[in-house]
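Working notes for the structure below.
The values are calculated or read from the model by the stated rules, or taken from the named source; none is laboratory data. In this text the structure is predicted, and so the values were computed from the model without any measurement. Note that we place each Cβ from the backbone using ideal geometry, even for glycine, and neighbour counts take in every protein chain shown.
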Amino acid sequence: MYNKIFLIITLLTTTIFAKDEFSSERFLGIEAGYGTVQSRNVIGVPSSTKGVEFGFRIGAQNEEWRTTISGHTFNKNEQKYFRGMISFDKFVWDSLYKSDNIIFKPYLGAHIGWMKYTDSKSAIEDSGYIYGAQAGIAWNVLREVDFDFGYRYSISNLNKVDDIGSFVFAVNYLY
């Protein structure tokens, strides 16, 4: 419990102070993706579950870095997954292509967070840490809006969940 509170305080503090320290912009966003969860059933046999995931995000970014706090939910059959994460992304170069305020920014990053797994059919509930990496491209189409398309891969320490790979599309409102 204390780890979750510490993580939330750290995330909020990072986001609040990022605006003043690095002349960055804050953002709010929603995301949708298609993910594959590699898990183990009750007797330990590996299985793969694919489906749609949804999430929200809040963060701050400047020309070089982006810090994001996000929450994601994935429901398939009677299995439910919820992830809360902090992500740090480095924009690889300033822009792949610039024209009329349209900016493409490829990025590489890492994340760490917490995950809760619930299987109502078998009455199993587990939670633990996750960590991983992501890569993608942020596309700033308007001054206040950017699109983000990327791939996120997470490894878990849960007994029933091995890893999660997701293609994610997000829309961020910059303020």
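Could you say which residue among Ala60, Ala32 is of a type in the set (A, V, I, L, M, F, W, C), surrounded by fewer than 20 Cβ atoms within 10 Å (Cβ to Cβ) and modelled with pLDDT of 90 or more?
When all the criteria are applied, what remains is Ala32.
Does Phe104 fit the bill of being in a strand (DSSP E or B) and over 20 Å from Phe56 (Cβ atoms)?
It is true that Phe104 is in a strand (DSSP E or B) and over 20 Å from Phe56 (Cβ atoms).
Which one is nearest to Ala60 (Cα to Cα) among residues in segment 122-175 that are of a type in the set (Phe, Trp, Tyr), in a strand (DSSP E or B) and in contact (Cβ under 8 Å) with a residue 60 or more places away in the chain?
Tyr173
Residue-wise test of (1) over 20 Å from Arg40 (Cβ atoms); (2) surrounded by 14 or more Cβ atoms within 10 Å (Cβ to Cβ); (3) modelled with pLDDT under 90.
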{"residue": "Thr68", "(1), (2), (3)": "yes, yes, no"}
{"residue": "Arg83", "(1), (2), (3)": "no, yes, no"}
{"residue": "Asp89", "(1), (2), (3)": "yes, yes, no"}
{"residue": "Tyr97", "(1), (2), (3)": "yes, no, yes"}
{"residue": "Gly109", "(1), (2), (3)": "yes, yes, no"}
{"residue": "Ser120", "(1), (2), (3)": "no, no, yes"}
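Looking at segment 148-160, is at least one residue surrounded by 15 or more Cβ atoms within 10 Å (Cβ to Cβ) and over 28 Å from Ser47 (Cβ atoms)?
yes
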